[in-house]
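Colleague: Here you go, one structure.
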Amino acid sequence: MTNPADHSTSLAAPRRNSDFWNGTLLHALAEFVRKLDFLETIRLLTLFLAVVFGVAHWLFEIVARLSFLVFVLRPRLLRRPEFWLALAVAGTFGVILRWEVTDNHKYLLVYWLWVLFVAHLFISTEQQERTIRCNARFFLCLIFLAASTQKLSSPSYRSGEMFEHLLYVDSRFTAFGKLVGISPQVPDAVKKRIALFRSPFAEVEGNELEIPGSDRARAAALLLTWWDVSLQLLIGSLLLFRRAVTDKFAHILLLFFILTTYLPAPVFGFGWILAIMGFTLAKGKFPKIAAAYIICFALILVYQVPWREWVLRT
Amino acid sequence: MGFAGISPLAHPSAFQRWVLMLCVPCVALVVVGRQIYLSRFHDLSTWKGGGMGMFAANDGPQSRYAHVYLVKPDGTRDPLNQFSESEADFVTRALEYPLRSTFLRAARAIAQENWMPMQQRAPVTVFDSRSEPLRAADESFHLMVPYGRSSDTEKRNWSIEIQFWKLFYDPVKKRAHIRLDQTFVFKPDELFERKPENSVP
């Protein structure tokens, strides 16, 4: 015979489930993150970044894989400055040899490797942590303030020209465009027309072409333009104050930025390094926010599913 | 003898602490400053060079391109566009940082190929702003294909002309236009290293 108490349990279960997801799970994750060793976690996240989203140069790839092997065999060597020096030097070579085509986040990765090298030049873990935290804050401010300054000073950014043009000609944005209501036929038609400029067998009168764009693309481009720059400007500025309340707000915006930017823009290494820096600042002060960064790492990996093909196929 | 490695600092002075903490940010600031200078005065793409200006202007790879021509000694020219991976990489690098020296590097790599005309000359077609064909232009070109590498002994007298173009988009008028930014002509002396001929004493 069923005990009436069992019924009450089953009826109450959905509410408890909800509590579990809202409170207990995040709390448990925050507790898990709180128990993580700060330096060890930063080292591991950085090594993962170097191996998976590293500098695209054979020397760096070899050194990163050897470093990973060394870590597997002797995990304690991660605490040696030489370990980070080897990665930093190889990354620097990789970036310098192809500096004019290397993406900004590869520069950032190399700076971060040098930061870890420098931090490990100190014996005191307190000094190591301080060096890493100080540099994480500096680089987050630099990235977002330099980017927003360059954007605000560029007429082709402010007018929405850049994002509208990208929505038409950059294939990475076609699926995102479809999600916001821009038919893939629009970018296809624009690309076909612009291809005339690039063909040596074609000459366009007056060097000017009408573009069969859409008003929706214009609206989406303006929205992207001002969403992107205002978010970046806010994050960079808030982190300058070094106050708990402004930091907390900056972290929430940074998490929002990472979660929304790296779905349409497949620059996963950039998302990963931003999340490392955010985690560095949040760990110890905001356990739930630090837990959210851990979720971010997982999501950045999940974002690599071929969702663009799925969207374009439907 | 064992490898001692780098000895971490047990008691760093305040100066050492500050120098080590600030050295990487200082380098990063110098790189950003250099990128802004090169971008402003030497046309380095805003997207590249470590200035954190990705997606900051419409001068990324989608807005820069080149027309490459092989120019014969009699002045006739034919466009080249079937590049190998490494040649295309040199062209891309030159487009991001369009100096004579970067385009010369690309031109030298392209000039090593043995370029052959594939078919009859095809006329250049003139299009209107709605991409409707209007007429045939005065100029006509061969379609050129790479056909192996030239031997060192083969005498090559062609030059390479590279036109660097920029594309702009006006979102209000919904019109795209292009501008020829620079033209570089590289003579055989620059493209091919001539081996000194044996002279008879």
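The values are calculated or read from the model by the stated rules, or taken from the named source; none is laboratory data. Remember, it's a predicted structure, so these values are computed and weren't measured experimentally. Backbone-built Cβ (ideal geometry, glycine too); neighbour counts: all protein chains shown. For accessibility, only protein heavy atoms count, side chains too; no ligands or nucleic acids. Shrake-Rupley method; radii C 1.70, N 1.55, O 1.52, S 1.80 Å.
Colleague: Among the numbered criteria (1) more than 10 Å from chain B (Cβ to nearest Cβ); (2) without any contact (Cβ under 8 Å) to a residue 40 or more places away in the chain, which single criterion is violated by A:Ala244?
Modeller: The single condition A:Ala244 does not satisfy is (2).
Colleague: Just checking, which of A:Ala265, A:Ala282, A:Ala219 is of a type in the set (Gly, Ala, Ser), assigned by TED's automatic domain parsing to the domain that holds A:Ser153 and without any contact (Cβ under 8 Å) to a residue 24 or more places away in the chain?
Modeller: A:Ala219
Colleague: I've got another one for you. Just name the residue that is least open to solvent (accessible area, probe 1.4 Å) out of those in the range B:24-35 that are more than 7 Å from chain A (Cβ to nearest Cβ) and among the β-branched types (Val, Ile, Thr).
Modeller: The residue in question is B:Val27.
Colleague: I'd like the full set of residues that are more than 9 Å from chain A (Cβ to nearest Cβ) and either in a strand (DSSP E or B) or aliphatic (A, V, I, L, M) (or both), limited to the range B:63-79.
Modeller: The answer is B:Arg64, B:Ala66, B:Leu70, B:Val71, B:Arg77.
Colleague: Given the residues B:Leu38, B:Leu80, B:Leu104, B:Leu70, which is the only one that is more than 25 Å from A:Leu196 (Cα to Cα), in the same structural domain as B:Ile178 (by TED's automatic domain parsing) and open to solvent by less than 40 Å² (accessible area, probe 1.4 Å)?
Modeller: Answer to the check: B:Leu104.
Colleague: So, restricting to helices (runs of 4 or more DSSP H) that lie completely within the range A:99-185, which ones have at least 3 residues that are more than 8 Å from chain B (Cβ to nearest Cβ) and open to solvent by less than 10 Å² (accessible area, probe 1.4 Å)?
Modeller: Where helices (runs of 4 or more DSSP H) fall fully within the range A:99-185 and carry at least 3 residues being more than 8 Å from chain B (Cβ to nearest Cβ) and open to solvent by less than 10 Å² (accessible area, probe 1.4 Å), they are A:104-119, A:125-152.
Colleague: Hey, can you tell me all the residues within the range A:47-76 that are in a helix (DSSP H, G or I), within 14 Å of another protein chain (Cβ to nearest Cβ) and open to solvent by less than 60 Å² (accessible area, probe 1.4 Å)?
Modeller: A:Val70
Colleague: What helices (runs of 4 or more DSSP H), lying completely within the range A:199-303, carry at least 3 residues that are open to solvent by 20 Å² or more (accessible area, probe 1.4 Å)?
Modeller: Passing ranges, in order: A:215-241, A:244-261, A:287-302.
Colleague: Which members of the range B:49-86 meet the condition of being among the acidic types (Asp, Glu) and farther than 17 Å from B:Ser140 by Cβ?
Modeller: Those that are among the acidic types (Asp, Glu) and farther than 17 Å from B:Ser140 by Cβ: B:Asp59, B:Glu85.
Colleague: What do you reckon, is B:Ser101 modelled with pLDDT of 95 or more and of a type in the set (Gly, Ala, Ser)?
Modeller: Yes; evaluated as a whole, the condition is true for this residue.
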